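The values are calculated or read from the model by the stated rules, or taken from the named source; none is laboratory data. It should be emphasised that the depicted structure is a prediction, and the values quoted were computed from it without experimental measurement. Here Cβ is always computed from backbone atoms with ideal geometry, including for glycine, and neighbour counts include all displayed protein chains. The area values use the complete protein model at the heavy-atom level, side chains included, leaving out ligands, DNA and RNA. Shrake-Rupley method; radii C 1.70, N 1.55, O 1.52, S 1.80 Å.
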Amino acid sequence: HPYTHQNKIMSPSSHLARPLRIGMIGAGTVGGGVYELIMNRLGGGNNSGSSTSKSSSPPTPIITKICVRDATKPRDFTIDASTQIVTDVQSILNDSDIDLVVEVAGGVTFAKDAVYASLKSGKSVVTANKALIAENLEEIVDMLNEQNKDTTKRSVKFGYEASVCGGIPIIHALQSSYTGDIINEVMGICNGTTNYMLGKMEDGVDYDEVLKEAQDLGFAEADPTADVEGHDVRAKIAILAKLAFGTTVPVETIPCMGITNVSVVDFAYAKSMGCTIKLIGTAVRQSKFGEHDGALSVYVSPKLVPNDHLLASATGCGNAVAVDSANLGTASYTGPGAGRYPTANSIVADVMRVANDTCPILPFPLESSDIEIDNDYASAFYIRISFRDGLGIVRSVGELAESQGVSIHSILQQPISDRLAADTVVTTEACKLSQVQALCALIEKEDYALGSPVLMPLISEY
């Protein structure tokens, strides 16, 4: 195994009298990776909690308790004799010797109760739970502020690097690397399952077939809704928006389109436009009087991405985030978005930041209450219309577009092989989402239309 005592990192922290004692909630794929990294690679499994020197050194982390639903269930990692397996979370929450709680159980009910109770009892928390954070962001911040009022006590920290993009350190970058900068836009491919599926569809595999393949490989859940409908990305972009702009955007207000309406036909048109298709979470300041000085728009949608754009390079289950800012221009962060060790690596990084006292007291350092939120975002759009062939269709679409104030940029037409079931694509100049939605609703009512048009924003300028 790659994480053994032979390649353990030895540091002065190995000689500290008082280790950082951790209670871990959950012991699945990610939890197993966290345990192996902390107990084997960082030396936690060799720390008995008694030593005699270097009290100024950062403490060695050691997992003293793991809470699981079934203590008899076989695990795919070896548990040290110094670690106690418990089934009652109160055994961790009420243990005054435990300094930090690592939550890798998932969900937003049991996990929420455990995280809240941990913070209220003065224990720092590290979690990978994006849904919990996105849905309760303000409450978590308020709780931390309350806990840290008394500056004579040890501060309570909240680490959540693993909640967005698995192994990519995007949270830490946004917390610390843009202090003197102004962020204009964050765009992220934040879901490996859908990125894998879209890649296969680009190769010509139909949606239903690629979904089954992703489920068989373990990339997609039996109920894939959270992934394919974009809900997973929606929670993640809400977190990134708060970090980048200091504004809390309620998750339920974020427009969210998944990939269920995307087909291989769209990839054929995208290819002819020099583009690919990616499911992207976007948080962007719109331009009002100058560049990026207007309202904040946050949304999730499949998006046409030019092949030479930074985000086009994320393949397979990979993730990528592009941050556009005043000082840096566009910077990209790419890497594995999921998996045992990539995600565990981010959790352990947070654990060590708590141990070293470098984890920020404010998990969201930027706070702004004066930015307007307008999720009726402006973009150029791609609209694919399925139709029965006939006279006057292009004219009809043009007139309907004019009625909604939508300016057409181009019309694309693949050769028609079936006059009863054909497709054409219209791309627009920049306009509001609501305008395009109204246009699509009008087109759907026309006799020639075979259902609702498929619409996607497209990256036209970068």
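List of remarks:
- Pairs with Cβ under 8 Å, 6+ apart, first in the stretch 412-434 and without any contact (Cβ under 8 Å) to a residue 40 or more places away in the chain and under 19 Å from Ser263 (Cα atoms), second of a type outside the set (Lys, Arg) and not in a loop (DSSP other than H, G, I, E, B): Gln413/Thr424; Gln413/Val425; Ile416/Ala422; Ala421/Ser386; Ala422/Ser386; Ala422/Phe387
- Qualifying residue in the stretch 167-175 (condition: over 30 Å from Ile259 (Cα atoms), in contact (Cβ under 8 Å) with a residue 40 or more places away in the chain and open to solvent by 10 Å² or more (accessible area, probe 1.4 Å)): yes
- When residues of the stretch 366-389 are limited to those that are open to solvent by 60 Å² or more (accessible area, probe 1.4 Å) and not hydrophobic (A, V, I, L, M, F, W, C), the one nearest to the chain's Cα centre (by Cα): Glu367
- Condition broken by Ala81, with the remaining ones in (1) open to solvent by 10 Å² or more (accessible area, probe 1.4 Å); (2) of a type outside the set (Asp, Glu); (3) closer than 25 Å to Gly167 by Cα satisfied: (3)
- Condition check for Phe364: among the aromatic types (Phe, Trp, Tyr) and in contact with a Pro (Cβ under 6 Å, 6 or more places away or on another chain): no
- Under the condition of being closer than 15 Å to Cys317 by Cα and either in contact with a Gly (Cβ under 6 Å, 6 or more places away or on another chain) or open to solvent by less than 50 Å² (accessible area, probe 1.4 Å) (or both), the residues counted in the stretch 203-223 number 4.
- Output for the stretch 289-348, where each listed residue is open to solvent by less than 50 Å² (accessible area, probe 1.4 Å), aliphatic (A, V, I, L, M) and under 29 Å from Ser272 (Cα atoms): Val298, Val300, Leu304, Val305, Leu311, Ala312, Ala314, Ala320, Val321, Ala322, Val323, Ala331
- Members of the stretch 316-332 that are β-branched (Val, Ile, Thr) and in contact with a helix residue (DSSP H, G or I) (Cβ under 6 Å, 6 or more places away or on another chain): Val321
- A count restricted to the stretch 390-399 and to residues that are of a type outside the set (Ser, Thr, Tyr), open to solvent by less than 90 Å² (accessible area, probe 1.4 Å) and over 15 Å from Val425 (Cβ atoms) stands at 2.
- Residue within the stretch 177-196 that is farther than 30 Å from His292 by Cα and either over 14 Å from the mean Cα position of the chain (by Cα) or in a helix (DSSP H, G or I) (or both) present: yes
- The condition of being open to solvent by 50 Å² or more (accessible area, probe 1.4 Å) and within 30 Å of Gly274 (Cα to Cα) holds for only one of Lys153, Lys130, Lys200, that being Lys200.
- Matching residues, the stretch 266-300, being part of a loop (DSSP other than H, G, I, E, B) and either of a type outside the set (Lys, Arg) or touching a Lys or Arg at 6+ places or on another chain (Cβ under 7 Å) (or both): Met273, Gly274, Gln286, Ser287, Phe289, Gly290, Glu291, His292, Asp293, Gly294, Ala295
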